[in-house]
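Here is the structure we will look at.
The values are calculated or read from the model by the stated rules, or taken from the named source; none is laboratory data. Only a predicted model underlies this, so the values are computations on that prediction, with no experimental measurement involved. Cβ placement follows ideal geometry from the backbone for every residue including glycine, while neighbour counts extend to all protein chains displayed.
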Amino acid sequence: MPFPSIKRVIYKNNPLVEVIFQARYPRLLAIETEAPAEFQRRVIAEYPIYEQRNVFQIVLASSQERNTPAHEVTGRMHVFSSKDRVWTITLVGDYFSISTSHYVRWEDFRTKIEAALKIGLDVYQFQIFTRIGLRYQDVISRERLGLEKMPWQQLLQPHIAGEFSTAEVTEGAVTSKETVLTMKLGSEDNLLFRHGLVTHKDTQKLGYLIDSDFFNEEQRTADINGALQVADRLHANSGRFFRWCISDALHLAMEPSDAG
């Protein structure tokens, strides 16, 4: 499902709350049973804060594992954060991720992915990746944008606004809204899309969540170039998709500038 091409922009009033890159691999026991001392030594200059957490999760089968039942997994989660906690590397038995709560432009985020993933490959020698994902979580706050009086149907495209676009449903009567769907994007790429009303953590007012998880589940050799090639392609869809979700009024209120 292609989305219309757009001019790439950077928003001054950026609604992103978190961006996450994730690479999944077959479960690696060394990460779950041994302290990640060498990995920490290699990243400590940029990620000096370390936390260990025990994890418990229900794992669902991927599209390539249709006959595999859901199962429970326990293990360790190793979290390495920057001093300001803006950047985080998460290392788990079956995935590696890097995330930021202050995303500005793709090139900066890509550089962080490349550096951290290189260390992960050097230390743990991952053999294959089973999933590459790039997730963008936006929360639109009308209060922060000075748009308190504008209804959601004027800020979102009709195919996203849904029930808000009908005369029979008044916005004040809606207390919750959540939609989840998966789309095929071609070239084995997919999008898991969640959107709806949420409470904004800063304003404590209702905001609108646009949570887009772009992913590819084609098994591939674990190498940096291949992973980044997929990530670049997923990223190219992300900006087009977000613009497809929002109206011109919201786009302009976020004060776009040319990204070059």
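Scanning the range 191-200 for residues that are assigned to a strand (DSSP E or B), of a type outside the set (Val, Ile, Thr) and at negative phi yields 191, 192, 193, 194, 195, 197. Residues of the range 1-34 that are under 17 Å from the mean Cα position of the chain (by Cα) and of a type outside the set (A, V, I, L, M): 14, 15, 18, 21, 22, 24. Quick check on residue 249: is it assigned to a helix (DSSP H, G or I), crowded, with 16+ Cβ neighbours inside 10 Å, of a type in the set (Gly, Ala, Ser) and in contact (Cβ under 8 Å) with a residue 12 or more places away in the chain? No.
Identify, please: which residue in the range 201-246 is in a loop (DSSP other than H, G, I, E, B) and not polar (S, T, N, Q) and is, among those, surrounded by the most Cβ atoms within 10 Å (Cβ to Cβ)? Lay out the reasoning, then the answer.
At the first step, the residues of the range 201-246 found to be in a loop (DSSP other than H, G, I, E, B) are 201-205, 217-219, 222-223.
After this cut, where a residue has to be not polar (S, T, N, Q) as well, the list is 201-202, 205, 217-218, 222-223.
Details: 201: 10, 202: 11, 205: 12, 217: 18, 218: 14, 222: 20, 223: 14.
Going through the qualifying residues, I end up with 222.
Among all positions in the range 140-163, there is no residue which is closer than 29 Å to residue 29 by Cβ, touching a residue at least 40 places away in the same chain (Cβ under 8 Å), of a type in the set (D, E, K, R) and out of contact with any Ser or Thr (no Cβ under 7 Å at 6 or more places or on another chain).
Pairs meeting the criteria (first residue in the range 10-30 and surrounded by fewer than 16 Cβ atoms within 10 Å (Cβ to Cβ), second residue in a strand (DSSP E or B) and at pLDDT 95 or above, beta carbons under 9 Å, at least 6 apart or on different chains) are 14/138; 26/128.
Residue-by-condition table, conditions (1) among the basic types (Lys, Arg); (2) touching a Pro at 6+ places or on another chain (Cβ under 6 Å); (3) modelled with pLDDT of 95 or more:
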| position | (1), (2), (3) |
| --- | --- |
| 154 | no, no, no |
| 169 | no, no, no |
| 185 | no, no, no |
| 188 | no, no, no |
| 192 | no, no, yes |
| 233 | yes, no, no |
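Assess whether residue 65 counts as being part of a loop (DSSP other than H, G, I, E, B), out of contact with any strand residue (DSSP E or B) (no Cβ under 7 Å at 6 or more places or on another chain) and modelled with pLDDT of 95 or more. Here the answer is no, as residue 65 does not meet what is asked.
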